[in-house]
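All remarks here apply to the structure that follows.
Taken together, the values in this text are just the output of simple stated rules run on the coordinates, not laboratory data. Owing to the predicted nature of the structure, the values given are computational and were not obtained by experimental measurement. Here the Cβ positions follow ideal geometry from the backbone for every residue, glycine too, while neighbour counts run over all protein chains shown.
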Amino acid sequence: MIGELGQLALCFALALSLVMAVSGLMGARTTAAAARRTATSSALGFLVFVVLAFGVLTYAFVVSDFSVALVANHSHTLKPLVYKISGVWGNHEGSMLLWILVLALYAGLVAVLQRGGERLTSAALGVQGLLGAAFILFVLFTSNPFLRLDPAPFEGAGLMPLLQDPGLAMHPPMLYAGYVGLSAAFSYAAAAMMVGEEGWARAARPFMLVAWIALTCGIALGSWWAYYELGWGGFWGWDPVENASLMPWLIATALLHSALATEKSGAFRTWTLLLAIGGFSMSLVGTFLVRSGVITSVHAFASDPTRGFFMMILIAVAVVGALGLFAWRAPSLQGGAAFSSVSRETTLLLNNVFLVAACACVFVGTLYPLVLDAWNGTKISVGPPYYALTFAPIFFALLVLVPFGPQLGWKRGDLKAAWRTLYPALGLAAVAALVVLAIVSPRGVAATGALAVAGWLIGASVIDIRKRKGARASAFAAALAHAGLAITLMGVAGATAWRSEALTVVAPGQKLTVGPYTLRFDGVTREKGPNYLADRAHIALMDGDKVRTTLLPEHRFYPAEGQDMTDTAIHTTGLRDLYLALGDDRGGGRFALRAYVSPLAPLIWLGGLMMALGGILSLWGRLRVKEPAPQPAAPAIAQAAE
Amino acid sequence: MKTVIAFVLMLVPVLTMPTLSHAQPGAPAVIESFSDPALEKRARNLQRQLRCLVCQAESIDESNSPFAADVRHLLRQQIAQGQSDRQILDFLVARYGDFILMKPPLQSDTWLLWLAPFAVLGVAGAVAWVTVKKAAAREA
């Protein structure tokens, strides 16, 4: 009966999302105050019923109710509780329900916070309601998670072992919080075009920031998971699924910068609207790529063509609708800001030019093979070399320009003064390049360049932080995020250019060296996990004749799913990873072993974390400072205190 | 993130490594690794440029699939026979199609793929240029 309850809750949520859509859009008219109240309350009702539906499905997974087909197909009684819960979104239907849950959460936030004018908020809720209704219809008609099995099987089929991992349990909710969070920016932008309200960028900024922070964390988490779980030591493969999350991130980053200019100086009004539409469109395209079955991957659980068709129509309606609205309304919003060609505005515009071009690389690289195959049946691969020749130079150019932005003033900047401020950072760049050239062989030309740019960025960030000493914490957000970008760049360069490896077969007692490390293979023991059996290798990291530490890479077998998995062991110094993956049994106690030493690899994710922290700082500053205060309240308080 | 169900299933003999220095006996024709570092470097470089056709987005170098192992052996034999990198790649493309190349070739149906990012960069740059000029004219 629990399954029907979920189905019913989803139907109520559909009804409420429709109420929200109609009343919200009606509330865009000045006189319709009652409609606005209805929109707000229906948004909260929509959230309650989506939470209920999601809760029901989660309950079915937790208690292993195999009469629900989805649970039977994707869960197992022996699975640890955390993977029973993460199993809810470890499949197509459940992950679409998670998608709707996140959409409803953002709708609820928009309704509660009521940022911007009441007409703006109401229209934004209306658009959010339309999106909610469309996606619930998609789930109910093509991907119903509550379908029954009769008779119920005694045991479930289990969850793919690859997905049974704490990193991957958290990855989809994080990624969706980002992906779907861009719907709030989209809804606000559409609402702004309807009501002609210009303060939308300020109203929507916290939502953009939350979405960007979550997306940044989600991508970093996914890349980290790929690194330690897949056993080949890589962290980014330009896989279509990875690209699907990178595209919204690139546009969201452009949007954050462009919206800043719109908010501060009224520049790029129409362009910011277009980016808000584009960001969420990329989320939809990403969802389509992953969920429609046009590509196959561990993430792409779906393979039903009707889903792809339905989703394509959904995307077309959303994107064409928004662009139509834009074509109709944008000309009336044209502000025409005035700023000098040397100004903060110009740098933000350049940021957008490069980010959009970088996104175009990923977009074309991901979709071109699909389109070409459909067009004339030619199959091509677009792999890392393509991105090295297109994405890398474009992004590199962007990074070189980044430090100028914060040093130039709004409206009119002083390039000479910016140079005078920044030139010590050039020194740091030169030092970084020289150090690299002195330490490693000169083969890493690109990597040397990357470290020089990283030095330039970090130097500029430090200069910026010193310059702003004593300012509010949020003033350091950009410096922190930009430094994070540099740290990630260093990690990528180090792990790509200077990785050393040993692929070998080891016998018990045998020693091997990889990079600066000496390892000794001390044999394999049989271990029993909660739902797997493992060969656990004991590998001593030697310090002369002493054992410094023992690493325990495993090779696991999951009987319920009938699949094998590698569980890597990583020893990190914070600046260098020793990475071990155990291979198959070669008889006589001998095992295949992969050992990698990746210099600077941990910096990849440290940088991602710093970028996210930069976003959090900015958000914190936003939420602490009250909305456009007519007169500054601080002096009055200061006087009262004296 | 960059793997497929097919790959997972193929993990059954996990990490069957073809570049092992301890080759299995009884397969003399298979070159597991070159003792000459220059040849080994060439082989690894070629392996990275090729895509594993039965995997999602893995190179021949990374993949554990039997297909990837076969291609590794094939290209190593050809290197041993003195073929150039170009000849080996041409041979593999003739056999498996362009799909096997990680770097798509520049030809009549792919020039758009290569041009598009820079075209977008150019158009966006031009729009930005005009925008800045207009804004500067208003500002002056």
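Under the classification rounded if a/c is under 1.5, otherwise prolate if a/b is larger than b/c and oblate if not, where does the range B:40-87 fall, given a ≥ b ≥ c as square roots of the Cα gyration tensor eigenvalues?
Numbers: a/c = 2.32, a/b = 1.84, b/c = 1.26.
Prolate, since a/c reaches 1.5 and a/b exceeds b/c.
How big is the range A:33-163 on each of its three principal axes, counting only the C-alpha atoms and giving the largest first in Å?
In descending order, the Cα extents are 55, 26, 21 Å.
Give the distance, in whole Å, between the Cα centre of the range A:390-464 and the Cα centre of the range A:506-551.
So the separation of the two Cα centres works out to 41 Å.
Averaged over its residues, how many other protein chain Cβ atoms are within 10 Å of peptide A:358-368's Cβ atoms?
Counting Cβ atoms of other protein chains within 10 Å of each residue's Cβ and averaging gives 4.
To the nearest µm²/s, what D does Stokes-Einstein give for the range A:176-401 at 25 °C and 0.890 mPa s, using the Kirkwood radius over alpha carbon pairs as Rh?
Estimated diffusion coefficient is 133 µm²/s.
Gap in Å between the Cα centre of the range A:323-351 and the Cα centre of the range A:179-201?
Value for the Cα centre distance between the two parts: 16 Å.
Helix-derived [θ] at 222 nm for chain A: sum -39500 (n - 2.57) over DSSP H runs of at least 4, divide by residue count, nearest 500?
So the helix-based figure for chain A works out to -21500 deg cm²/dmol.
What is the mean number of Cβ atoms from other protein chains located within 10 Å of the Cβ atom of each residue in peptide A:226-238, rounded to a whole number?
4
Work out Dmax and Rg for the protein assembly as shown from the C-alpha atoms and quote the Rg first, both in angstrom.
27.6, 92
Can you tell me what share of the DSSP beta bridges in chain A is antiparallel? A percent to the nearest 5 is fine.
100 percent
Can you give the charge dipole size of the range A:500-599 about its Cα centre, rounded to the nearest 20 debye, using +1 on the beta carbon of Lys and Arg and -1 on the beta carbon of Asp and Glu?
280 debye
What does the charge dipole of the range A:11-125 about its Cα centre add up to, to the nearest 20 debye, if the Cβ of each Lys and Arg holds +1 and the Cβ of each Asp and Glu holds -1?
Computed charge dipole of the range A:11-125: roughly 360 debye.
Spin-label point model (7 Å from Cα, Cβ direction): what's the A:LEU389 to A:PHE141 distance in nm?
About 4.4 nm separates the two model spin labels.
At a Förster distance of 30 Å, what's the computed FRET efficiency of A:CYS11 paired with A:TRP328, Cβ-Cβ distance as r, to 0.05?
0.30
Show log10 I(q)/I(0) for the range A:196-312 at q = 0.10, 0.12 Å⁻¹, two decimals, from a solvent-free Debye sum over equal Cα scatterers.
-0.38, -0.53
Once you've got the Cα coordinates, tell me which of A:LYS416/B:LYS134; A:LYS416/B:LYS133; A:LYS416/A:LYS469; A:LYS264/A:LYS469; A:LYS79/A:LYS528; A:LYS264/A:LYS467 are over 18 Å apart.
Details: A:LYS416/B:LYS134 23 Å; A:LYS416/B:LYS133 20 Å; A:LYS416/A:LYS469 22 Å; A:LYS264/A:LYS469 22 Å; A:LYS79/A:LYS528 14 Å; A:LYS264/A:LYS467 21 Å.
Among A:LYS416/B:LYS134; A:LYS416/B:LYS133; A:LYS416/A:LYS469; A:LYS264/A:LYS469; A:LYS79/A:LYS528; A:LYS264/A:LYS467, the Cα-Cα distance tops 18 Å for A:LYS416/B:LYS134; A:LYS416/B:LYS133; A:LYS416/A:LYS469; A:LYS264/A:LYS469; A:LYS264/A:LYS467.
Return the Rg/Rh value of the range A:132-180, two decimal places, where both radii are evaluated on C-alpha atoms and Rh is the Kirkwood radius.
1.08
Could you work out how far apart the two model spin labels at A:ARG148 and A:THR77 are, taking each label as a point 7 Å from the Cα in the direction of the beta carbon, and quote it in nm?
That separation, rounded to one decimal, is 2.2 nm.
Between the alpha-carbon centers of the range A:1-79 and the range A:578-611, tell me the distance in whole angstrom.
Taking the Cα centre of the range A:578-611 as reference, the centre of the range A:1-79 is 43 Å away.
Taking R0 as 56 Å, what's the FRET efficiency between A:ALA430 and A:ARG37 from their Cβ-Cβ distance, rounded to 0.05?
The formula returns an efficiency of 0.35 here.
Once R0 is set to 51 Å, what does the formula 1/(1 + (r/R0)^6) return for the Cβ-Cβ distance between A:LEU437 and B:ALA140, expressed as a FRET efficiency to the nearest 0.05?
My answer for the efficiency is 0.65.
How long are the three semi-axes of the equivalent ellipsoid of the range A:500-599, in whole Å, if each is the root of 5 times an eigenvalue of the C-alpha gyration tensor, listed from largest down?
23, 15, 12
Assigning unit charges at the beta carbon (Lys, Arg +1; Asp, Glu -1) and nothing else, what dipole magnitude in debye, to the nearest 20, does the range A:170-329 show about its Cα centre?
Value, rounded to 20: 340 debye.
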